[in-house]
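What follows draws every value from the coordinates through simple rules; no lab data is involved. Quick caveat, the model's predicted, so the values are computed rather than measured. Positions of Cβ are backbone-derived with ideal geometry, glycine not excepted, and every protein chain shown enters the neighbour counts.
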Amino acid sequence: MKIEGTALCMGPDIDTDIIIAGRYLRTRDRREWVKHAFEDMDPSLAPRLEGKMIIAGKNFGCGSSREQAAIALKESGVKGVIAPSFARIFYRNAINIGLPVVECDCTCRSGEPVTADLVEGIVTIGERSYRIRPLSPRMLDILSAGGLVEHWRSRR
Amino acid sequence: MNTLSESILGARAGSYVDCRVDRAYVHDGTGVLTLEAWKSMKAETIARPDRVYVLFDHIVPANNSVTAGLQHDLRSFAREKGLNFTDVGTGICHQLMGEGIALPGEIIVGADSHTCTLGAFGAFATGVGATDMAAIWAEGGTWFRVPETIGVNLSGSLSGQAEAKDLALTYVGRLTMDGATYMALEFVGDGVAALSIDSRMTLSNLAVETGAKAGLFYSDDVTRRYLREYGHNIGVQRPAECSYHRELNIDLEDVVPVVAIPPRVDTIKPVADLEGMPLDQVFVGTCTNGRFEDLARFAGIVRGRKVKVRTLIAPSSQKVLTRATESGILHELLKAGCTILPPGCGPCLGAHQGVLGEGEVCLSTANRNFRNRMGVGGEIYLASVATAAASALTGALESPEEAVR
Ligand code: SF4
């Protein structure tokens, strides 16, 4: 499984309140979350997320368990998130909704092309390559099905 | 020898296990998404409805008709499927699960990050997302990676006006916001025995602020006594010699009243350093500090005086509110000029009942002070109940050491 996108750099400890604020949660309309993603950090960011690979600092997705955070990113067209570490609930949520998350400590320059090969375990950013721990077969299955819901249905 | 997480999950740290879940709960927020995921799975049944809990606490009573509609659907579903259900005003999910439901040795998942609160009872309790929860509804179990454990060694006893919340903020400050990511915390040492269940719940509650998956206490005589009131006769869990990934030693004598400076929970300073900072709101409540012990402590400090800043108090459950009423504490809070909110999360997540305005500063007994959490442009300082009480009396950040004479 290979994912590709354009690098978008972010700092460490990006919490789920930053990704999608609590005030936008009470709706089933996923476009609401897309519209307001990262609003409190940079209100101009949401329309520019399509096709991006977020490369962030440590502890991405910390804070609340809100799955809307992972959903907002996926629905915005974000291809995946690369960070040295993730908060564990966000990490599980991302896999479960089919958003690739990659643990890797790498140098980010915005705008560079990024490729992550999740089976081989290699991330390439511009000219630089990094080895990563390949995801488990179960995680890859869930991701390639598009999430746990689809995975569950396909098994029945 | 095993850590408590290893004993409960039945495998060594680092291994992956498939486990049956003893109790699974959602609230009105995460429940909506869980129901949606469960429906798209076309699962049709709930594996163990008697083990599933739907507890309304986040935006209760509903703040607008969209919320009301979402809650209506989830409420009807819970009733139709025979799930355990509590409606608006009953209390915060973690608190309710801690009122005689969570038991030592159990595996408990909640669709909320502060599910770790129930580690106070010697249960392995951790938060999951909505899709994970939907699969648990359908299958009755899930997978875990057995966590490594950080041993938090507590020695001595709290002194002066320092309370469990100060201790909790202190360990979060020492471990930092990702110092325990993927791991469990285990609170051990001779300082544990003197901590009440209310205090232990406060300590377990903040485990997730260090990135931890769980924050556990071994059940002991204090746990036994507490659960006996709810008709349970439990055994005690004895800590064995085990190898911790890391140990953190805290002498409780050294703990002083502290605040967490926004926007990070791990930026901790003694209250004394910021004394006199003007406040716009004081908020006492949440799954961290809205229990009876907390209300009683607050009332003990403000008794016979008036608060000088708007002060909101949200009891964490109906049981807490009832006890506060019967013991006369509620009356004292009212006489001091506090506003009482219904049992639930109140303004903690910035959705209603005390949202902050641009530039406002709130002193809160909650667990998170992230940017804009309680309202756009508002700032949240986290502190203990005693600090909140002392500060409410002057309208500015105040150390409880001086207010209590
Ligand atoms: S009180 Fe606050 S932290 Fe606790 S469950 Fe409610 S919203 Fe979450």
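Would you mention how many residues in segment B:311-356 are of a type in the set (D, E, K, R) and buried (at least 19 other Cβ atoms within 10 Å of the Cβ)?
Residues flagged as of a type in the set (D, E, K, R) and buried (at least 19 other Cβ atoms within 10 Å of the Cβ) within segment B:311-356 amount to 1.
Among (1) away from chain A (no Cβ under 14 Å); (2) surrounded by fewer than 19 Cβ atoms within 10 Å (Cβ to Cβ); (3) within 16 Å of the ligand (Cβ to nearest atom), which single condition is B:Arg79 missing?
(3)
Pairs only if they're at least six apart or on different chains, beta carbon under 6 angstrom, first in segment B:196-210 and outside any helix (DSSP H, G or I), second within 11 Å of the ligand (Cβ to nearest atom); list them, first residue then second.
Listed by first residue and then by second, the contacts come to nothing, as the list is empty.
Among the residues of segment B:320-364, how many are within 16 Å of the ligand (Cβ to nearest atom) and within 14 Å of another protein chain (Cβ to nearest Cβ)?
Number satisfying all stated conditions: 12.
Right, B:Thr311: away from the ligand (no atom under 16 Å from the Cβ) and out of contact with any helix residue (DSSP H, G or I) (no Cβ under 6 Å at 6 or more places or on another chain) or not?
Working: away from the ligand (no atom under 16 Å from the Cβ): yes; out of contact with any helix residue (DSSP H, G or I) (no Cβ under 6 Å at 6 or more places or on another chain): no.
Considered against the rule, which asks whether it is away from the ligand (no atom under 16 Å from the Cβ) and out of contact with any helix residue (DSSP H, G or I) (no Cβ under 6 Å at 6 or more places or on another chain), B:Thr311 comes out as no.
Test B:Pro263 against the stated conditions and say whether it is within 26 Å of B:Val152 (Cα to Cα), touching a residue at least 60 places away in the same chain (Cβ under 8 Å), within 16 Å of the ligand (Cβ to nearest atom) and not in a helix (DSSP H, G or I).
Yes; evaluated as a whole, the condition is true for this residue.
Go through segment B:164-184 and give me each residue that's more than 13 Å from B:Gly151 (Cα to Cα), in a helix (DSSP H, G or I) and of a type in the set (A, V, I, L, M, F, W, C).
Answer for segment B:164-184, where residues must be more than 13 Å from B:Gly151 (Cα to Cα), in a helix (DSSP H, G or I) and of a type in the set (A, V, I, L, M, F, W, C): B:Ala164, B:Leu167, B:Ala168, B:Leu169, B:Val172.
Rundown of residues vs (1) within 14 Å of another protein chain (Cβ to nearest Cβ); (2) within 16 Å of the ligand (Cβ to nearest atom), yes/no style:
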site: B:Lys269; (1), (2): no, no
site: B:Cys287; (1), (2): yes, yes
site: B:Leu295; (1), (2): no, yes
site: B:Gln318; (1), (2): no, yes
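For segment A:39-125, which strands (runs of 3 or more DSSP E) that fit wholly inside it have 2 or more residues that are within 14 Å of chain B (Cβ to nearest Cβ)?
In segment A:39-125, A:101-103 are the strands (runs of 3 or more DSSP E) which contain 2 or more residues that are within 14 Å of chain B (Cβ to nearest Cβ).
Need the failing condition index for B:Thr126 against (1) over 21 Å from the mean Cα position of the chain (by Cα); (2) within 14 Å of chain A (Cβ to nearest Cβ), just the number.
With respect to (1) over 21 Å from the mean Cα position of the chain (by Cα); (2) within 14 Å of chain A (Cβ to nearest Cβ), B:Thr126 is out only on (1).
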